[in-house]
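The values are calculated or read from the model by the stated rules, or taken from the named source; none is laboratory data. What you see is a predicted model, and the numbers here were worked out from it, not measured in a lab. Here the Cβ is made from the backbone with ideal geometry for all residues, glycine too, and neighbour counts use every protein chain on show.
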Ligand code: HEM
Ligand code: SF4
Ligand code: SF4
Ligand code: SF4
């Protein structure tokens, strides 16, 4: 494993230049910040904010839970409680009387030094949810217009197009038809059903799939076809289940996005939603959007792709012809493991499809985040080096699995792919990354 | 100076317990009302089963991974809290005072045991102090208040030990013992010491979210 530049730690390069943070902060005055922050605390700062602020005994049990802390030579500023100390604790103590420079720093901390992965919550004796507190800061940044440029652009795309990647409605349908055509070369009678009313399954994906990874739609079509599923996709907005607004603190937009997604599924009178292999999108639909819309649980049944694979394997709807040869390891994505407990379900699928499986250590709920999640990768190139260096621990974890023979990392989450790919390249680990669908597609009997 | 002795051993005791109990209840009630208004999710998702499951994993030593990763700290923290809570309740002098006032009382500790437990509390506090100074992340997290708090908690134990052993100036020490004990009780609901009362709620909420909604463990 190559650990080049590991002395130049991410945290020391504070205040990376991001034009939107700079411009946003330039427009602020202390008075404006004070009025926005006090209003936010008054209206949205509830019992959790005060209980978390009061319960923390500054014991540092959370420090070692955080990959940012571990990867930057145990820089105390990157300990979860350290990030709280530099941001929300100051805001509370000064009752919102802080300046633009403070907000710039708080923005960088909340957006790029925390993946909202909630690992620290499992190590704090009080279960203090630092991710919640960092989201509170992001919400404040959103209200103040101090948000990193790249992720804000994504949020703009969401509000203008209801998808993450500025995909136009006709482009979306074209992509589905193009993938259907491609798939027909392999399986002549395959369909990618669009707008099929009353189908069992409403299948939704994230914006980047049609944009960059259209083959995933192809593969899913093959899996659906082989398993005999009755499925459909939406031709109208709502086909995209992703949501970066949840990470910029734009909760109003999150609610709109999730509403459109649920409505597309109900308009087509489908029985349930199956979501593609993405972690954050799952969190936004299962855990965040429903709450914002006033639903205790999602208004119609919904599952992550892993649960769907589990089902069709367990019920024998698809058959595995040849198990995957190369030794694999599995990265537990925070949002579907700490967020939905799918670790054993995923292991069942891996077990059914792969010859040799090597665990990452730690694993399951205790796995380290990929460093990309929580919108951190979406903050774009300005923060890329910092992000990769701030997850040296992930590189070490992967290298250790590699030394036991693992050649392929399975990560059933789009963000994790992006994050792990950067880590594998930077630390020259020479491992391949795959989705579970890649494996299933490769190993199953197709007709 | 010793005129305030009766005050410290009478009226102020009532004040201290009043503020401790009243303050704790009031703050918890206010928090519960605030949660009703602004964090309805807490009530929506609260599950007694999963809350208890999480709390149990955090009040038994080594039941959580975080504790297993830090065995020394865990043992010291547990021993500290046990001695801290039990000593004042079961020390003979306190029980006897209560018997004298109300003709009722409960089992009390042999004096030697109380002595040892008191020393343990003080040593543990010294350990916490050293940890705060020496461990980089904890030092960074520490505020002036954290150090004052250590002193505030140590004071009734040190002065109590002093009084019991009737060392030089023990009468003053006895007075300081009462005053510092009362001060600690009064501070409990309004300082970091309030972690005691918040623990079941923050932990329980975390356990409910993880267990009932997210299908995962949080220990
Ligand atoms: C059952 C509930 C309680 C839990 C879960 C709990 C938990 C903790 C934890 C995790 C620490 C961190 C140790 C450190 O690094 O300082 C701590 C410290 C401490 N606790 Fe508790 N505690 C509880 C009850 C109490 C009570 C009833 C008191 C009595 C007043 C108390 C007084 C203290 C003190 C003085 C410290 C040391 C603070 C410091 O290091 O600055 N705790 N507690
Ligand atoms: S949520 Fe994750 S990234 Fe954020 S402070 Fe906690 S452990 Fe670190
Ligand atoms: S572990 Fe919890 S109580 Fe301790 S410092 Fe971290 S957040 Fe605070
Ligand atoms: S991208 Fe994957 S590992 Fe990273 S935070 Fe999201 S779910 Fe977690």
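Condition test on residue A:361, is it touching a residue at least 24 places away in the same chain (Cβ under 8 Å), in a loop (DSSP other than H, G, I, E, B) and not assigned by TED's automatic domain parsing to the domain that holds residue A:400? Judged against the criteria, residue A:361 is not a match.
Residue-wise test of (1) closer than 23 Å to residue A:319 by Cβ; (2) in a loop (DSSP other than H, G, I, E, B); (3) touching a residue at least 24 places away in the same chain (Cβ under 8 Å).
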site	(1), (2), (3)
A:181	no, no, no
A:224	yes, no, no
A:235	no, yes, yes
A:254	no, no, yes
A:260	no, no, yes
A:269	no, yes, yes
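On inspection, residue A:92 does not qualify as closer than 29 Å to residue B:198 by Cα, within 11 Å of ligand 2 (Cβ to nearest atom) and not assigned by TED's automatic domain parsing to the domain that holds residue A:365. Inside region A:371-388, residues that are part of a helix (DSSP H, G or I), under 15 Å from residue A:17 (Cβ atoms) and touching a residue at least 60 places away in the same chain (Cβ under 8 Å) make up a count of 6. Kindly evaluate residue B:189 against the criterion of being part of a helix (DSSP H, G or I), away from ligand 3 (no atom under 16 Å from the Cβ), closer than 19 Å to residue B:119 by Cα and under 15 Å from the mean Cα position of the chain (by Cα). Criteria not met by residue B:189.
The rows are residues; the columns are (1) within 16 Å of ligand 3 (Cβ to nearest atom); (2) in a helix (DSSP H, G or I); (3) in contact (Cβ under 8 Å) with a residue 24 or more places away in the chain; (4) touching a strand residue (DSSP E or B) at 6+ places or on another chain (Cβ under 7 Å).
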site: B:42; (1), (2), (3), (4): no, yes, yes, no
site: B:50; (1), (2), (3), (4): no, yes, yes, no
site: B:66; (1), (2), (3), (4): yes, yes, yes, no
site: B:75; (1), (2), (3), (4): no, yes, no, no
site: B:93; (1), (2), (3), (4): no, yes, yes, no
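I'd like to check something: does region B:69-90 contain any residue that is within 12 Å of chain A (Cβ to nearest Cβ), within 16 Å of ligand 2 (Cβ to nearest atom) and out of contact with any helix residue (DSSP H, G or I) (no Cβ under 6 Å at 6 or more places or on another chain)? Yes, some residue in region B:69-90 is within 12 Å of chain A (Cβ to nearest Cβ), within 16 Å of ligand 2 (Cβ to nearest atom) and out of contact with any helix residue (DSSP H, G or I) (no Cβ under 6 Å at 6 or more places or on another chain). Within the set A:103, A:92, the sole residue that is crowded, with 21+ Cβ neighbours inside 10 Å and either away from ligand 1 (no atom under 16 Å from the Cβ) or not in a helix (DSSP H, G or I) (or both) turns out to be A:103. Among the residues of region A:48-79, those that are surrounded by fewer than 23 Cβ atoms within 10 Å (Cβ to Cβ), over 26 Å from residue A:367 (Cα atoms) and without any contact (Cβ under 8 Å) to a residue 24 or more places away in the chain comprise A:50, A:54. Restricting A:403, A:390 to those that are out of contact with any helix residue (DSSP H, G or I) (no Cβ under 8 Å at 6 or more places or on another chain) and modelled with pLDDT of 95 or more reduces the list to A:403. Checked against (1) at negative phi; (2) within 16 Å of ligand 4 (Cβ to nearest atom); (3) not in a helix (DSSP H, G or I), residue A:163 meets all criteria but (2). Checked against the criterion of being touching a strand residue (DSSP E or B) at 6+ places or on another chain (Cβ under 7 Å), within 14 Å of another protein chain (Cβ to nearest Cβ) and buried (at least 22 other Cβ atoms within 10 Å of the Cβ), the candidates A:275, A:302 yield just one match: A:302.
Restricting region A:63-115 to residues that are more than 16 Å from ligand 3 (Cβ to nearest atom) and on the phi > 0 side of the Ramachandran plot leaves a set whose member that is nearest to the other protein chains (Cβ to nearest Cβ) is A:73. Selection of region A:398-416 for residues being free of Cβ contacts under 8 Å to residues at least 40 places away in the same chain and in contact with a strand residue (DSSP E or B) (Cβ under 7 Å, 6 or more places away or on another chain) yields an empty set.
The set of residues in region A:46-60 that are under 25 Å from the mean Cα position of the chain (by Cα) and either within 16 Å of ligand 4 (Cβ to nearest atom) or facing another protein chain (nearest Cβ under 8 Å) (or both) comprises A:48, A:52.
Here's a check for you: in region A:121-132, which residue that is more than 9 Å from chain B (Cβ to nearest Cβ) and more than 7 Å from ligand 3 (Cβ to nearest atom) is surrounded by the fewest Cβ atoms within 10 Å (Cβ to Cβ)? Walk me through it before giving the result.
Let us first name the residues in region A:121-132 that are more than 9 Å from chain B (Cβ to nearest Cβ), namely A:130-132.
From what is left, the residues that are more than 7 Å from ligand 3 (Cβ to nearest atom) are A:131-132.
Working: A:131: 20, A:132: 16.
Here the answer is A:132.
Scanning region B:107-153 for residues that are in a loop (DSSP other than H, G, I, E, B) and within 14 Å of chain A (Cβ to nearest Cβ), we see that the one that is farthest from residue B:196 (Cα to Cα) is B:135.
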